[in-house]
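Just below is one structure, and these are the notes that go with it.
Read-outs throughout are calculated quantities, based only on the coordinates presented, and are distinct from any laboratory measurement. Since the model is a prediction, treat every value here as computed from it, not as a measurement. Every residue, glycine as well, gets a Cβ built from its backbone with ideal geometry; the counts of neighbours run over all protein chains shown.
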Amino acid sequence: MIKNRSLIEPEDFSITEMESLFILAEKIEKDDKYLRESCRGKLLATLFFEPSTRTRLSFEAAMLRLGGSFLGFAEPGSSSTAKGESLADTIRMASSYADAIVMRNPKEGSALLAKQYSSVPVINAGDGGHHHPTQTLTDLLTIKQLMGRLDNLTVGFCGDLKFGRTVHSLAKALARYKKIKMLFISPKELVLPDYIKNLLKKQNIEFEEREVLEKSMPDIDVLYMTRVQRERFFNEDDYIRLKDTYVLNPDKMALSKKDMVVLHPLPRVNEIAVEVDSDPRAAYFKQAKYGMFVRMALLASILGVKEII
Ligand code: CP
């Protein structure tokens, strides 16, 4: 049962629970009226201490489509955080006003701290370079929809694998499925953190670290492009030097499988040329839309209006 549960890391839900959410999201996608108004009278707090377009708007759209309402802030400057209020006190307050909290915060571990001070479920919408579990639900649902499976896949992660929290969450989640091979393509300065690599090694997951995207293209079933995370760099010169290391363009797409899919959590900066958008394998805008359906399924389940498994 997902009712009243928080979601801080991808492993907080079992594979069976995630599968149930995907089935629910697929029903919502197919039937515009399904679960409409089911959350009438419920309130969602959306507390965003960092910028967001997709995560915040899709959660708010999800809540409105379910008939509920939301309250919150899109940047901490408009909250009492600007006056020095602690995260613990902010969460105590929000949880006394709302039925669930969605929070994005630049500090790793902040979502876990929020859960400890909240009397209602907390959904992690990104804690620094750590995790982004609802993006992972979005990514897995998109792969399942477009590839028809979540096992027996070669998944290429490309770009900023050091700071990219969506990569950390998705790699950990995919490690729970069978016959998954991961290719981690990044500059040396932006390789995947050791703690994720150690987890993959412990689980005997096949993975390779590479530097050249072109060489990897023919092997990949799902290519997960990411932007270089400017906001996590200490030094602007390093960001400028590394930001255009990989640019996916039609020449590189020509090297890939005909049924490959290209995902990107977005926002895109320069790492996917706009010419790729019209390629049928480019699925990142579709992916962002699935994000709303899976967040509707998640909210309906957490708020207990739809009981699954
Ligand atoms: N994918 C994602 O987290 O996008 P936003 O930063 O726009 O929410």
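Here are some notes:
- Packing here is the average count of other Cβ atoms within 10 Å per residue, and on that basis the peptides 3-9, 300-306, highest first, run 300-306, 3-9.
- Structure remark: mean-square fluctuation, Gaussian network model of the chain, C-alpha springs under 10 Å; the largest value among D277, D99, D238 belongs to D238.
- Equivalent-ellipsoid semi-axes of region 133-288, from the Cα gyration tensor, Å, largest first: 21, 20, 14
- Eligible lysines near K257 by straight Cα distance, threshold 22 Å, same-chain separation 8 or greater: K144, K178, K179, K181, K215, K286
- FRET efficiency, 1/(1 + (r/R0)^6) with R0 30 Å, evaluated for R241 and E17 via beta carbons: 0.10
- Selected from K83, K172, K115 as most flexible by GNM, with the chain as the system and alpha-carbon contacts under 10 Å: K83
- Of the peptides 291-297, 66-72, 11-17, the ranking by mean beta-carbon count within 10 Å, highest at the top, reads 291-297, 66-72, 11-17.
- Rounded if a/c under 1.5, otherwise prolate or oblate - region 25-176, Cα gyration tensor axes: oblate
- Amide H contacts for I123 (H built 1.01 Å from N in the peptide plane; partners 5 or more residues away or on another chain; cut-off under 5 Å): L7, I101, V102, M103.
- Modelled label reach - R281, point 7 Å along Cα→Cβ, region 203-245 residues with backbone N closer than 19 Å: 210-227
- Bridge type composition, region 80-203 - antiparallel percent by DSSP, nearest 5: 10
- Percentage relative contact order, region 1-159, counting C-alpha pairs under 8 Å, at least six apart: 24
- Here the chain carries DSSP beta bridges of which approximately 5% are antiparallel, counting only pairs with both residues inside.
- Note that the chain, at 10 °C in a medium of 1.306 mPa s, gets a Stokes-Einstein diffusion coefficient of 80 µm²/s from its Kirkwood radius over C-alpha pairs.
- Pairwise FRET efficiency - S86 versus L57, Cβ, R0 = 35 Å, nearest 0.05: 0.80
- Rounded to 10°, Cα long-axis angle of helix 284-302 versus longest principal axis of the chain: 30
- Rounded to the nearest whole Hz, the Karplus-based 3J(HN,Hα) values (6.51 cos²θ - 1.76 cosθ + 1.60, θ = phi - 60°) of region 145-151 follow the sequence 5, 8, 9, x, 7, 10, 10, with x at glycine and proline.
- Whole-number percent relative contact order across the chain, with pairs defined as alpha carbons under 8 Å at least 6 apart: 22
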